[in-house]
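Since every read-out is calculated from the coordinates, none of them should be taken as a lab result. Every value quoted in this text rests on a predicted model; they were computed, and no experiment measured them. Please note: Cβ atoms are built from the backbone with ideal geometry, for glycine as well, and neighbour counts cover all protein chains shown.
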Amino acid sequence: MKKWFLSLTMLATLVSSPSFGKPAERKAILFVLTSHDQLGTTGQKTGAYLAEITHAYELFQAKGYPIDFVSPKGGQIPVTGTDNKDPINAKWMADPTFTQLLANSLKPETIKPERYDAVYYPGGHGTMFDFPDNKVLAHIAARVYEQGGVIGAVCHGPAGLVNITLQQGDYLVKGKKVAAFTNDEEKAVKLVEQMPFLLESKLIERGAIFSKAANFQKHVVVSERLVTGQNPASATGVAEEMLKLLRK
C-alpha cells in the first residue's frame, strides 16, 4: 500500500509539472555561410549561392526550427545566384527576417554547439577559400556531430568538411559516402585554375567514398548522420534527408 501511495504521489507530481505533455524543446539549425567574395583572380564577385540557402531554409523554417547564420567573418553574407525568377529566392529575399540574417551573420567564436541539432553548409565558390582552414567552424561541426546531431552540405559546401576531425582523430568524412561539386563540373564551368584545390579530389584524399551523378544532375547521399549533395539541384534533397534524420 505504501508503494502504491508513493507511485501515485510521483505521478501527481509529474502531471502537475509545467513541462508535462509538452514536446522537448527543439534545438536550432546552424547555416554556415562563406564571407569570401572574390572569385580567384578573375575580378568577378562570388559568395554563397542563394538557392542553396533559401531552398533549405524554406523546409527547415516550415518545420519550426530556429535558424542561425554564421560566417567566418560575421556580418553581411556575399551572395551569388540571386535569380528572382526562382520563386523561393524571391519569397525570402523579400522577407525582412531572412535578409536580416544575411546581413548580420554571427561570428564563429559566439556559437555554442549545444544549441544545435544540425549544421548545414550551403555552397558557392567562396566556400573554397574560407571554409577549409577555419578551425573554430570545424570544431563546432565536430561537437554537434558527436553529440548526435546531423551535418549537411551541398555543392561547394563540403569544403567545410575536409578538415573536420572527430575525437578519435579521424576525419569526419573518412569511410563515409559523400557527394559534392565534382572535378568534371568544375572543368565544365572553367574554374579549375581559380580554385585552391579540387573538392572531389580533396574529399577522396581525406578518405571519403566519393559518389557522383552526371554533371549538374540532382544527387544526394546519406551516410550515417552526414548528408551531402552534388550541386544546386541537390539543395532541397539535402534538406529533406536532414529532416528525416532529425525526426529520428
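Odds and ends about this structure:
- Shape call, the stretch 165-248: gyration tensor on alpha carbons, a/c limit 1.5: oblate
- Förster radius 22 Å - calculated FRET efficiency between Ser211 and Gln76 (Cβ-Cβ, nearest 0.05): 0.05
- Taking amide H as placed 1.01 Å from N in the peptide plane, Lys177 has its amide H under 5 Å from the amide H of Ile209, each at least 5 places away in sequence or on another chain.
- Which listed pairs, of Lys85/Lys218; Lys27/Lys85; Lys27/Lys107; Lys190/Lys212, have C-alpha distances above 27 Å, in listed order: Lys27/Lys85
- Whole-number D in µm² s⁻¹ for the stretch 23-247, Kirkwood Cα-pair radius fed into Stokes-Einstein, 25 °C, 0.890 mPa s: 144 µm²/s
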